[in-house]
Amino acid sequence: MKIYGVEAGPGFIRAAVVDKTLRGAKTTRLVEVALEPDERNSSSLKEFMARLDYNPDKDMLAAVFPGDKVTLRAMTTPLTKRSQIVDTLPFELESKVPLAADEFVCDFLFSGKAESGSRILAVLAKNEDVESFLSIYKDAELDPDILVPGPLAAAAAAAAEYARGEGQTAGTMAVVNWASEGIYIALVGEDRTPLIFHTSSVAGEGEQEIAREIDKLALGLNREMPGLKLASIALGGGFGHIGQLARGLGEKLGIPAAPARMENMPEPEGQASPHASSDEKKALFLVASGAALMGADAAPKINLRSGPLEKVEKYAGMNREKTVAAGLLAATFVLWVLAFIGQGIVMDREYASLKSQTRRIFKEAMPHTINIVSEKQQMMAELKRLEEAAKALGVYQGRDPLLDILLEVSNAGPEDAKLDIENYTYEPGRLILTGRTESFDKVDQFKSNLDKLPWVGKARLDKAKSNVAKSGVSFRIEVDMAF
């Protein structure tokens with residue numbers, strides 16, 4: 001599966017292509033085309049994606065949403081599960097912004113733990129701005145799967161690449177990216193989690209103004225996170241002299257500054273300046289790379305295409321992994337059904353065998369019965385008929401309670417236990433039971449159950465001992481009858 005991270009601005013379109021496999025995600029292409037300075041039209045976007053062999057039925061499109069159309073809220077919540085926060089976030093934000101919950105879309109990233117719950121970065125955008133942005137892609141016959149805010153895309157790419165490097169300076173990293181609508185500045189914590197971001201309206205590429213903006217952002221965050229230390233700066237995007245700007249920012253802030261580390265990226269294709277270094281060329285794709293990494297789940301994902309504007313996934317658009325998973329699930333279900341049917345057939349055969357044996361014994365006991373409808377009911381009816389006949393002859397002395405007693409003794413056996421009664425001794429006023437079961441606990445439970453029977457005066461455990469193989473317990477119980 002391929003993920004296309006696309007940044008389209010006036011005068012350019014950039015894309016980072018990530019191949020996602022079971023082993024992980026790898027960036028395979030960085031491609032840029034130059035347009036007229038004021039051009040950002042759907043026909044150019046359509047041609048560009050066709051050139052990259054984008055297939056909407058198999059691939060994912062992660063579009064970069066302009067940072068100046070995004071509003072940030074750093075919040076704490078008592079909740080810790082993402083699903084719970086997603087359900088409540090629109091209503092939490094409604095009280096903090098001059099918009100109703102149905103007038104914006106939102107998402108969030110975890111940015112650390114709070115004293116109780118979670119600290120999150122909530123991002124929202126007006127529905128009308130998102131719809132206007134999506135219309136450009138719709139006219140190009142494209143339908144983005146996710147919309148990633150530009151500043152967070154830049155932070156994700158810089159953090160992912162720095163996390164792979166060794167010997168990095170501990171502390172907070174400032175990610176500075178030039179975009180057509182402004183300069184993105186994001187602060188990323190030591191664990192490479194975004195802490196805060198801002199889209200600056202600073203004109204030009206003056207290092208003094210940018211340094212002031214970084215300082216201001218760090219100072220504001222330091223009130224919430226005392227001890228925060230700004231340790232490095234990573235630059236990306238369309239700065240004209242990115243190397244020179246990095247050196248100037250480093251001198252003014254007294255910390256290392258350089259183009260964003262992107263050694264694992266391929267060499268860019270397209271209109272990148274031929275005089276720029278390899279690092280400077282790759283840094284142009286910082287935002288597009290971050291969007292693609294989020295789409296590939298190689299960086300914490302944030303998606304403004306949510307709520308009423310969420311993309312409805314079609315079966316034709318399912319990627320290969322989902323199709324394979326669905327096939328495996330279907331195969332598992334079929335196997336389960338076949339096993340269930342097979343077990344049912346076995347049980348039907350056992351039931352038929354037991355029914356056949358019952359009918360054979362019934363015929364032997366009642367040879368004069370021709371039409372067998374219900375063995376139990378017909379046997380009870382015959383027993384009742386014989387009792388009435390005995391009463392008429394004057395020889396009926398009542399039904400011997402022994403059968404009922406034996407039945408209740410059998411039912412008093414512990415649940416899920418093997419109870420083998422080897423000997424019943426029935427004496428006037430007393431019943432003696434000897435047998436075997438699984439454990440001493442089962443013997444005690446059997447004795448307790450006998451004590452609860454209405455005709456039992458007292459049940460006494462005469463003896464209980466393990467057998468030689470220690471695979472069970474032999475017992476002898478004496479039962480005094482209450483009648």
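The values are calculated or read from the model by the stated rules, or taken from the named source; none is laboratory data. Because the structure is a prediction, the values reported are computed rather than measured. Every residue, glycine among them, receives a Cβ derived from its backbone with ideal geometry; neighbour counts consider all protein chains shown.
If the condition is being more than 13 Å from Asp279 (Cβ to Cβ) and at pLDDT 90 or above, then the range 232-244 contributes Ser232, Ile233.
For the range 208-243, a tally of residues being assigned to a loop (DSSP other than H, G, I, E, B), more than 26 Å from Glu115 (Cβ to Cβ) and in contact (Cβ under 8 Å) with a residue 40 or more places away in the chain returns 2. Of the residues examined, Thr77 is one that is under 30 Å from Ser116 (Cβ atoms), hydroxyl-bearing (Ser, Thr, Tyr) and surrounded by 18 or more Cβ atoms within 10 Å (Cβ to Cβ). Scanning the range 201-240 for residues that are of a type in the set (Lys, Arg) and farther than 21 Å from Ala160 by Cα, we see that the one that is surrounded by the most Cβ atoms within 10 Å (Cβ to Cβ) is Arg212. Scoring Leu419 on the criteria (1) under 30 Å from Val473 (Cβ atoms); (2) modelled with pLDDT under 80 leaves a single failure, condition (2). Among the residues of the range 392-410, some residue qualifies, meaning at least one is outside any loop (DSSP other than H, G, I, E, B) and of a type in the set (Val, Ile, Thr).
Residues that are within 53 Å of the chain's Cα centre (by Cα) and at pLDDT 80 or above were ranked within the range 466-483; the one that is farthest from Leu450 (Cα to Cα) is Gly472. Scanning the range 430-464 for residues that are surrounded by 13 or more Cβ atoms within 10 Å (Cβ to Cβ), outside any loop (DSSP other than H, G, I, E, B) and among the charged types (D, E, K, R) yields a count of 5. Is it the case that some residue within the range 163-183 is in a strand (DSSP E or B), closer than 30 Å to Ala211 by Cβ and within 29 Å of the chain's Cα centre (by Cα)? Within the range 163-183, not a single residue is in a strand (DSSP E or B), closer than 30 Å to Ala211 by Cβ and within 29 Å of the chain's Cα centre (by Cα). The residues of the range 186-207 that are over 32 Å from the mean Cα position of the chain (by Cα) and in a strand (DSSP E or B), listed by number, are Thr199, Ser200. Among residues of the range 24-64 being at pLDDT 90 or above and touching a helix residue (DSSP H, G or I) at 6+ places or on another chain (Cβ under 6 Å), the one that is surrounded by the fewest Cβ atoms within 10 Å (Cβ to Cβ) is Asp57. Taking every residue in the range 350-361 that is in a helix (DSSP H, G or I) and pairing it with any residue that is surrounded by 10 or more Cβ atoms within 10 Å (Cβ to Cβ) and of a type outside the set (A, V, I, L, M, F, W, C), at least 6 positions away or on another chain, the pairs with Cβ-Cβ distances below 7 Å are Thr358/Glu375; Arg359/Glu375.
Residues in the range 244-264 that are assigned to a loop (DSSP other than H, G, I, E, B), out of contact with any Lys or Arg (no Cβ under 7 Å at 6 or more places or on another chain) and crowded, with 20+ Cβ neighbours inside 10 Å: Ala260, Arg261.
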